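Read the structure below first, then the notes.
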Amino acid sequence: MSHTLGLDIGGANLKAAHVSRTACSRPFELWRHPERLGIALRDLLADMPAFDRLAVTMTGELCDCFESRRQGVLSILRSVADLADHANICVWSQRGFLALDAARRDPLAVASANWMALARFACRFVPGGCGLLLDIGSTTTDLVPLHDGRPVPRALADADRLRGLELIYTGVRRTPLCAILGTGVAAELFATTQDVYLLLEMLPENPDDRHSADGRPATRSAARARLARMLCGDAETIPRQEIDRLVDRVRQRQVYQLSMAFEHVSRSLPALPTTAVLAGEGEFLGRLVLARQNCFSGDTIVSLNEQLGAEISRAACAYAVAVLADE
C-alpha cells in the first residue's frame, strides 16, 4: 500500500493531503512567524495518516519576512528537512520532482510551482481537446490552459503569469475589499472577501476563526460590522441595505475580473475550452464565472469538490503532488 503525503506550504495556509484522500488545511501566518514553520508542519502532519514519502511544493517563499525568494525557498526547505528521512523527500519543480539536495542547489526552480502540479493532475480529466483549470483559493486564482492531456501555459514565472492573467491576486477569503472596489470605500484593511461570502452564505461561519481583518470571529454579525467600516461607518450607522449593495458590488467585480481573465486565457488555446476543471475553496465563485461563458454544462464542468471532496479540493495542489509522486 502506498503512503505518500503531499505538502503545499503557502504564506498564509499550510495544506497536507494523503493519497488515501485525507486532507487538511490550516491557517499559518508564515510572514509573521517563519521560525515556527517547523513546529506548525509537525503539528499538521501529526493529524495525517502515516507516510513513507513526502512530496513538497510551496508558494510561501514570496513572504516579505524573507529578503529574497531564494532565501525563502531555502528557509522553507530547512524546516521540511526535519520532517522525514532526506531520501524520502521530493520537491516539486517546473520540470518535475527534485531530491531535497537538488532543490537546495536550484531553489528558484521549485519556487511557486504548485499550480503546475495541479495542472498536470487536472489533465487526467481533459485527456483530449481543450480545457481550462480554474483554481480559486483564499488569496489567488490560477487559470491554466490544457490541451490534449497536457498543460500549455504561456508563462511559468509568476511575474509573467500575472501579466498574462494566468495568475490573479484575488480569492475568497484574504483579498482586501479596497483592492477590488477602488474609490468609494475606505482604503484600509477593514474587511476582506471572506466577509462578503460569509454574508452570502457561501462560506460557513466559524466563531473560532479569527483570521479576519480585525481579529474578530468569522461570523456574519462580525462580518457586517467589518463591511460597515468600509463605508466609514459601523453596524449602527450604515443601513443594512447599503451593506448588502456593497456585498453585491464585490461579488460582481470579482466575477467580472475572473471572467475577463478566463476569456483572455482561453484565447491562447487552439479552440475554445470544452471542459473546465474547478478546484479550491472558491469553487462556488468559479461556477459563477463559468455561468457567464455560455459554453459549459453540468457534464463539461469537473469539480474536484464533487469528485474528491471539499478538503481535497481546498488542498488540491498538495493532493496533486502526492498523486504525482506516487505515480
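Taking the criterion of being of a type in the set (S, T, N, Q) and either touching a strand residue (DSSP E or B) at 6+ places or on another chain (Cβ under 7 Å) or surrounded by 24 or more Cβ atoms within 10 Å (Cβ to Cβ) (or both), the residues of the stretch 265-293 that qualify are Ser266, Ser268, Thr274, Thr275. Of the helices (runs of 4 or more DSSP H) lying entirely inside the stretch 236-327, those carrying at least 3 residues that are modelled with pLDDT of 95 or more and closer than 21 Å to Gln194 by Cα are 240-266, 283-291, 310-314. In the stretch 82-129, the qualifying residues are those that are in a helix (DSSP H, G or I), small (Gly, Ala, Ser) and at pLDDT 95 or above, and the one that is surrounded by the most Cβ atoms within 10 Å (Cβ to Cβ) is Ala117. Of the set (1) outside any loop (DSSP other than H, G, I, E, B); (2) within 30 Å of Arg226 (Cα to Cα); (3) free of Cβ contacts under 8 Å to residues at least 40 places away in the same chain, all apply to Asp135 but (3). One residue stands out in the stretch 244-259 among those that are within 13 Å of Thr141 (Cα to Cα) and aliphatic (A, V, I, L, M): the one that is nearest to the chain's Cα centre (by Cα), namely Leu258.
Here Ala55 fulfils each of the conditions (1) crowded, with 19+ Cβ neighbours inside 10 Å; (2) over 19 Å from Asp82 (Cα atoms) apart from (2). Per the conditions (1) closer than 25 Å to Ser268 by Cβ; (2) in contact with a Pro (Cβ under 8 Å, 6 or more places away or on another chain); (3) of a type in the set (A, V, I, L, M, F, W, C), the sole criterion not satisfied by Ala191 is (1). Within the stretch 229-250, being among the basic types (Lys, Arg) and touching a Leu at 6+ places or on another chain (Cβ under 7 Å) holds for one residue alone: Arg249.
The values are calculated or read from the model by the stated rules, or taken from the named source; none is laboratory data. The structure presented is a predicted model; accordingly, all values stated were derived computationally and were not measured. FYI the Cβ positions are ideal-geometry reconstructions off the backbone, even for glycines, and counts take in every protein chain you see.
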